[in-house]
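Before any comments, here is the structure.
Derivation of every value follows stated rules applied to the coordinates shown; laboratory data play no part. These numbers were taken from a predicted model, which means no experiment stands behind them. Because the Cβ atoms are built from the backbone with ideal geometry, glycine has one as well, and the counts that use them run over all protein chains shown.
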There are 2 protein chains.
Amino acid sequence: MFIAMNRFRVLPGQEQAFEEVWLGRETHLEDVPGFVSFQLLRGPRAEDHTLYSSHSIWASKAAFEGWTKSEAFRLAHRDAGQGKALYAGHPNFEGFEVLQDVRGRA
Amino acid sequence: MFIAMNRFRVLPGQEQAFEEVWLGRETHLEDVPGFVSFQLLRGPRAEDHTLYSSHSIWASKAAFEGWTKSEAFRLAHRDAGQGKALYAGHPNFEGFEVLQDVRGRA
């Protein structure tokens with residue numbers, strides 16, 4: 001299992017605009033091979049930004065990399081970059097290998 | 001839904017020791033109210049550290065906060081701090097509210 005996160009530092013006052021852009025877009029993810037789930041995350045607020053992160057779970061790193069080369073990826077990102085005024089700097093990508101997975105009994 | 005992550009910068013050469021400490025411990029999480037799942041993640045390697053993260057998913061922020069005040073939390077962390085020589089600095093906690101959750105069809 002593999003988790004891909006892209007960290008966005010959103011400028012103060014631009015949080016709602018950021019959320020509207022993300023929540024309003026079509027992800028084109030549901031049928032991508034190896035795609036498990038996607039979450040949009042709102043993290044801690046600092047003085048000069050609020051941290052957000054896109055967070056997606058994949059069956060493997062190879063499945064994630066396959067998606068980044070796909071037509072579905074191109075479609076999901078064709079409007080990226082339009083909202084540059086929302087951000088304090090570039091997004092920061094981090095990929096994580098899952099070493100252990102513990103599930104609750106509930 | 002809420003995701004709690006604690007980011008650890010592990011010194012070069014200490015990766016295996018770090019993984020053994022984490023993979024060998026008892027999490028005491030399975031029966032905690034509101035606990036969904038826990039993952040130990042290995043992230044990107046930088047020149048002076050490898051990023052690891054503990055990653056847990058909760059039904060709500062309140063469920064996570066309830067756990068941090070519980071006996072299960074105390075048990076899971078009673079050996080924390082013994083492995084200080086593994087780290088480049090303190091861990092960095094980040095909590096995230098899940099704003100959107102998209103599931104794959106597979």
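Table for the structure above
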{"item": "Chain A - mean residue ellipticity at 222 nm from DSSP helices (-39,500 (n - 2.57) per run, n ≥ 4, rounded to 500)", "result": "-5500 deg cm²/dmol"}
{"item": "Reachable aspartates and glutamates, given that their alpha-carbon falls under 18 Å from the alpha-carbon of residue B:84 and they are not under 8 places away in the same chain", "result": "B:15, B:19, B:20, B:48"}
{"item": "Candidate aspartates and glutamates for bridging to residue A:61, where Cα separation is under 13 Å - those fewer than 8 sequence places away on the same chain excluded", "result": "A:94, A:97"}
{"item": "Rounded to whole Å, sorted largest first: equivalent-ellipsoid semi-axes of segment B:2-97, Cα gyration tensor", "result": "24, 15, 11"}
{"item": "Cβ-vector label at 7 Å, residue B:68, separations to other copies in nm", "result": "3.2"}
{"item": "Across the identical copies, how the residue B:33 labels are spaced - nm, sorted shortest first, 7 Å along Cα→Cβ", "result": "4.5"}
{"item": "Rg ratio (alpha-carbon, reference 2.2 N^0.38 Å) - the protein assembly as shown", "result": "1.05"}
{"item": "At 7 Å out from Cα toward Cβ: residue A:103 inter-copy label distances (nm, ascending)", "result": "1.2"}
